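Trainee: Dropping the structure in here first, questions after.
Any read-out appearing in this document is the output of simple, stated calculations on the displayed coordinates, not a laboratory observation. Just so it is clear, the structure is predicted and the values come from calculations on it, not from any experiment. Cβ coordinates were reconstructed from backbone atoms using ideal geometry, including for glycine residues, and neighbour counts include every protein chain displayed.
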Ligand SMILES: *[C@@H]1O[C@H](CO)[C@@H](O)[C@H](O)[C@H]1NC(C)=O
Ligand SMILES: *[C@@H]1O[C@H](CO)[C@@H](O)[C@H](O)[C@H]1NC(C)=O
């Protein structure tokens, strides 16, 4: 580990000496933390069952090959990068992430993780959030050796940050099995309070590490994803228990964000309401050009919601007509709708302000 870091640092210094880009002309850097909704391929480098590196994942990606993104094509961070006028961030574990590529930012996300360390243990080897933050520290050392400590601090302070956590703490922990350890330990309201208090510590750490513009997404309507319809719904209606979980979690997340912003004395954290932006196309799929928001494009069983999306699964011919790509994850088309809410949504979607406001504001300072 330390030898590897030393080697990276040496490499970065050499690249830095050879090709010193002008930082002021580069697009704003972007850092991504969280779970499979935002993982760009870190899990490809790990021994884990939480992976998306086989067809038909990536069928609509520019290369038409799987990349580790849990989508038919681009995912939410990719589409945010488009709006920043930047190339997509590389997964932190990618060997291509070195030299000038470090200036673009990095994606530390890992499918299967949650706020809690015991979330996703069934996936074996995943990068838990505390390790993602350690990698961010290591990244900053490498960046500093490339462009110097002052420029490195500036790049991180000026960067946009996205963090997406929480869904797995419900579906891959509390509700994974009947009588799960956490559900025996906590009532749902107490569990949500515990989750948000832990999330607050994580966000405070990000702030202490230099993040100054951080989008924090709440959870989507967990009870409406094809996997939960297949497992828990006889009628095709969203599962009320998982909906209750999301409805308890999201407002408390907004509250800890407001507390953190008050402590920082500025709008460092922005609450992105994933629940409302998903709910729009879940309740009225046709209005968004989808034929269904219940059936996954790729999968098997009721709603194509059981098991994994593999080469043996049912696969819909036109992915743009489906809100869900697989049993849990939105299609690229749905991701574009979600990002358009991040960009220009009202305060119901983006609190206290949307991303186009942020980009316009920060361009002036
Ligand atoms: C999770 O694990 C990390 C690293 O071992 C530790 O620092 C952290 O406190 C743990 N979090 C919780 C909620 O136990
Ligand atoms: C969000 O962004 C749009 C610009 O795309 C702007 O017109 C609108 O007022 C913003 N909404 C809020 C609530 O900030």
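Trainee: Mind pulling the angle between the C-alpha long axis of helix 129-147 and the longest principal axis of the chain? Nearest 10 degrees, somewhere in 0 to 90.
Mentor: 30 degrees
Trainee: Given only helices, namely DSSP H runs of n ≥ 4 each adding -39500 (n - 2.57), what is the per-residue ellipticity at 222 nm of the chain, to the nearest 500 deg cm²/dmol? Let's see the in-between values first.
Mentor: Details: 11 runs with 146 residues, N = 365.
After summing the helix terms and dividing by the residues of the chain, the value is -12500 deg cm²/dmol.
Trainee: Note the angle between two axes, namely the Cα long axis of helix 240-264 and the longest principal axis of the Cα atoms of the chain, as a number of degrees from 0 to 90, rounded to the nearest 10.
Mentor: Result, in degrees: 20.
Trainee: What is the chain's relative contact order, in percent, from Cα pairs under 8 angstrom and six or more apart in sequence?
Mentor: Computed over the chain, the figure is 16 percent.
Trainee: Obtain the nm distance between the two label points defined at residue 306 and residue 347 by a simple spin-label model: each point lies 7 Å from its Cα along the Cα-to-C-beta direction.
Mentor: 4.8 nm
Trainee: Continuing with this model, one more query. Given the Cα-Cα distance of residue 185 and residue 363 and 0.36 nm per residue of separation, how much length would full extension add, in nm? Present the calculation step by step, with values, prior to reporting the outcome.
Mentor: Working: separation 178, 0.36 × 178 = 64.08 nm, distance 4.78 nm.
Answer, rounded to one decimal: 59.3 nm.
Trainee: Could you state the number of Å between the C-alpha centres of the stretch 170-220 and the stretch 33-56?
Mentor: The stretch 33-56 and the stretch 170-220 have Cα centres separated by 21 Å.
Trainee: Average the reciprocal distances over every distinct pair of alpha-carbons in the stretch 2-364, invert the result, and give the Kirkwood radius in Å.
Mentor: With all distinct Cα pairs of the stretch 2-364 included, I get 20.7 Å.
Trainee: Take the alpha-carbon centre of the stretch 61-101, take the same for the stretch 291-365, and report the distance between them in whole Å.
Mentor: One Cα centre to the other: 16 Å.
Trainee: In addition: Report for the chain the percent antiparallel among DSSP-assigned beta bridges with both residues inside it, nearest 5.
Mentor: Values: 7 of 25 bridges.
The answer is about 30 percent antiparallel.
Trainee: Quick check: the angle from helix 332-344's long axis to the longest principal axis of the chain, C-alpha only, nearest 10 degrees?
Mentor: 60 degrees
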